[in-house]
1. Within 10 Å of each residue's Cβ, count the other Cβ atoms and sort Tyr316, Tyr251, Tyr324 from fewest upward.
2. Cα gyration tensor of the stretch 175-247, axes a ≥ b ≥ c as square roots of the eigenvalues: rounded (a/c below 1.5), prolate (a/b > b/c) or oblate?
3. Among Lys227/Lys326; Lys223/Lys248; Lys227/Lys301, which pairs are too far apart, with a Cα-Cα distance over 29 Å?
4. I need Trp182, Trp108 ordered by Cβ neighbour count within 10 Å, fewest first.
5. Sort the stretch 174-339 into rounded, prolate or oblate with this rule: let a ≥ b ≥ c be the square roots of the eigenvalues of the Cα gyration tensor; rounded if a/c is under 1.5, and if a/c is not under 1.5, prolate when a/b is larger than b/c, oblate otherwise.
6. Do any trypsin sites (Lys or Arg not before Pro) in the stretch 193-260 lie in a loop, going by DSSP, with at most 13 other beta-carbon atoms within 10 Å of their beta carbon, and if so which?
7. Label-point separation (nm) for Lys302 and Ala161, each offset 7 Å from Cα along Cα-to-Cβ?
8. For the residue pair Asn277 and Arg185, what label-to-label distance in nm results when each label sits 7 Å from Cα along the Cα-to-beta-carbon direction?
Amino acid sequence: MATILTLNPLAIRLFSSNSQRYSCYLHRTMRIGQAGIHFQTNYPVSFMGFLQFSKRRNFICAVSKDAEESFKKTVEVDRLIDTLREASDKELPQIVVENVLAFNESFWIRLAARADTCKSDDDKAWFHFLLFQLEDYEELALTVMSIVDRLVHKTNEKIEASTDVLKAILKPVIDEVEEISWPLRDPEALSLMEKEINQREQEGQLDEGFLAEVNAQLRQATKDGDKPGLEAMLQKVLQLYASRVLSKRSYAKKGNEVLKAEQFLETIIKAPEEVWNKLLLDGMTLGKGDISPEELYTVIKKRMERTLIRTEGGSYQQRVLIEYLKGIESRAGEIVRVLQG
């Protein structure tokens, strides 16, 4: 039985589940999709071109098919212009930086139109002052846009690298027609995949970008619903990753004393999900073992707390590791309920 990590805004599923699936929240100027991170940018028009336009003292109106939408955009631009007008000299640079994407062609046209319609000399003087002030910030805007472009380029490079790593990990389970048959035909395929994951993790290639790529592919496969083999293998990749990372640190010894409950948990962590039922039946007091369910739940909770402390809050790594531990806790709870009738 599976669990779903309920931390917002993302949920990572390491186990099959019929529970509600959570979608990724979208940012106002950035969206995360299957192909990665995409930025929507609007580049400012030439300021010299704007000055030439201003000198002509002509009104320019943008014709829109949707008058209401055009009106809303004009209101937004006017609100920004008013904010700039009311800002102090110290506040003005910060406002420009925070609204840098808004300094597009529509903004400059609207600003010129408002400068032309000023009735008082004070208003006209302010608008002309603002024009010369904003000329300095055009270079800042272009610099920010250049930084955004480089960020997008680097992000695309990282996504491509993460995709290549994932392809290499899945290669042992992909058949001649580049599909993943389910159930797997070759029993050795999982062992080869696990070996590849261990090697890549040791080389530091299984970073946040990699985990984000696996999660994105898993969400897409789940949404499509026609690739059960791919969905199962992506879940297996995350399980093997979590097992590898959690197994690197042991809490089974306290001085010369062996803490049996911790040792039992670490045995389950290292084992494939397919053998968890047998391990739990053989290890708990309700079956053939000497570890009570309460003792197991306690050490699982402690391991979760340690994981939360040692990993970055909200990171994919934290989510994957916590989900894996919750999977063990959920499986133990199911077996306890069955054995208790």
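1. Tyr251, Tyr316, Tyr324
2. Here the stretch 175-247 falls in the oblate category.
3. Lys223/Lys248; Lys227/Lys301
4. Result, fewest neighbours first: Trp182, Trp108.
5. Because a/c hits 1.5 or more and a/b exceeds b/c, the stretch 174-339 counts as prolate.
6. Working: sites: Lys195, Arg200, Arg219, Lys223, Lys236, Arg244, Lys248, Arg249, Lys253, Lys254, Lys260; in loops: Lys248, Arg249.
Answer in residue order: Lys248, Arg249.
7. 3.8 nm
8. That separation, rounded to one decimal, is 2.7 nm.
Every number in this text was worked out from the coordinates using simple rules, so none of it is lab data. What you are looking at is a predicted structure, and each value in this text was computed from that prediction instead of being measured. Virtual Cβ from ideal backbone geometry, glycine too; neighbours counted across all protein chains shown.
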